[in-house]
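A quick write-up on the structure given underneath.
The values are calculated or read from the model by the stated rules, or taken from the named source; none is laboratory data. Just so you know, these numbers come straight off a predicted model, no measurement behind them. Glycine also receives a Cβ, built like all others from the backbone with ideal geometry; neighbour counts cover every protein chain displayed. Accessible surface areas use protein heavy atoms only, side chains included; no ligands, DNA or RNA. Shrake-Rupley method; radii C 1.70, N 1.55, O 1.52, S 1.80 Å.
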Amino acid sequence: MTVWRKYGALRVPAGARLVCVFFLLLIPRFAPAWQQAQGPHAKTQDSTNGAYEVASLTAELARISAVLEKKPGAQELTALRDSLPAQWTVTTPEKEYAISTVFLRGQLNADSTSIARQWVEHLKAQLESYTAMRPPGAANSRAELDSILGSPEFAAVHPPTRWDIFRQRIAAWVERMLLRLFGGLVRYPIGGQILFWAVVVVCVGFLALWVFRFTVSRDRIDALPPGHVAAPTRTWQEWIRAARLAADKNDFREAIHSAYWAGITRLEDTGMLPKDRTKTPREYLRLILQPSPRELISPAAYREPLTVLTNRLERTWYGNRAASGEDFRDTLQQVEALGCQLE
């Protein structure tokens, strides 16, 4: 090969360039053969350290267990032994674990397939328990935390407001003042005792004043005579007038009600009944049987008309039944029998 310089540039003969091009064309033909020669070696290197995740290794162990369960022959056991890597590398979110297959390889023979299968099942159970106990991922943890903090019991949880910070500062200032005050009293024991007893006297005096005021207020309440009820302001004539006004409006229930109280007021005026409106109509009816020193007429003379009035009042007013004009006219007759002079 001749190389020379012309005009300062290096030139290569045309024959040398053709040889280089021919060599480059032959490289793709030899590459597959080289890869095939290197393939088993590389595969052997990868098989010496199998990398798995938990799920994929669990599936591989399940496959091995299924093969061993079928009682394979010597050739199948040999092929299974050769397919095993030197160790399984399990990748987890925490770290990587290396599981040696030396024991399993030693048990892959016709006499100890059951031991090998038990070892595989035990390892598979350990991996499945790890999967079941594995904590949730960061995304699930964040979602679960948000759901917990979004519950009603955490609704009031929030950063301190300006008002909270102000109150904390006031409380801290008061605490400092008290510590300064009582810290100074340590140096003056007599002054501390005087202050202590002064506080005790003030507290006891305040408690005594509260008890005194409470007792006085109860005495005022108890001073009202029990059973004393103010007398009604309406006379029996006003009750009769109210009854007739209600009858003019066809409100006979109200008319009978007013007429009844006209009769009761008349009996109270004569002394036949006490002036106590806390009594029920039936209690008035029982009291009418008691003798009265102010009235010459026997109370029994008022019992029949008061009984009629009471029954009609209970039926129409309390029983909410309809009343008619005839009922009202009969009521006036019973009231007149009680002593009410009707015009």
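Cβ-Cβ distances below 9 Å connect the following pairs, each with a first residue in the stretch 116-128 that is over 10 Å from Ala62 (Cα atoms) and open to solvent by less than 60 Å² (accessible area, probe 1.4 Å), a second residue that is assigned to a helix (DSSP H, G or I) and small (Gly, Ala, Ser), and a separation of six or more residues or different chains: Ala116/Gly106; Leu127/Ala55. For the stretch 73-96, filtering for residues that are acidic (Asp, Glu) and surrounded by 13 or more Cβ atoms within 10 Å (Cβ to Cβ) leaves 1.
Rundown of residues vs (1) open to solvent by 100 Å² or more (accessible area, probe 1.4 Å); (2) of a type in the set (A, V, I, L, M, F, W, C); (3) modelled with pLDDT of 90 or more, yes/no style:
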{"site": "Pro160", "(1), (2), (3)": "no, no, no"}
{"site": "Ala171", "(1), (2), (3)": "no, yes, yes"}
{"site": "Gly183", "(1), (2), (3)": "no, no, no"}
{"site": "Ile190", "(1), (2), (3)": "yes, yes, no"}
{"site": "Arg218", "(1), (2), (3)": "yes, no, no"}
{"site": "Pro225", "(1), (2), (3)": "no, no, no"}
{"site": "Arg234", "(1), (2), (3)": "yes, no, no"}
{"site": "Glu238", "(1), (2), (3)": "no, no, yes"}
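Hey, can you tell me all the residues within the stretch 304-319 that are more than 11 Å from Glu254 (Cα to Cα) and of a type in the set (S, T, N, Q)? If the condition is that a residue be more than 11 Å from Glu254 (Cα to Cα) and of a type in the set (S, T, N, Q), then Thr307, Thr310, Asn311 are the ones that fit. Applying the criterion of being of a type in the set (Asp, Glu) and outside any helix (DSSP H, G or I) to the residues of the stretch 66-96, the residue that is modelled with the lowest pLDDT is Glu94.
What residue, among those in the stretch 97-113 that are open to solvent by 60 Å² or more (accessible area, probe 1.4 Å) and assigned to a loop (DSSP other than H, G, I, E, B), is nearest to Gly73 (Cα to Cα)? It comes out as Ala110.
With a cut-off of at least 2 residues that are out of contact with any strand residue (DSSP E or B) (no Cβ under 7 Å at 6 or more places or on another chain) and modelled with pLDDT of 90 or more, name the helices (runs of 4 or more DSSP H) lying wholly within the stretch 240-343. First the steps, then the outcome.
Numbers: elements: 252-270, 281-287, 300-313, 325-337.
Those helices (runs of 4 or more DSSP H) span 252-270, 300-313, 325-337.
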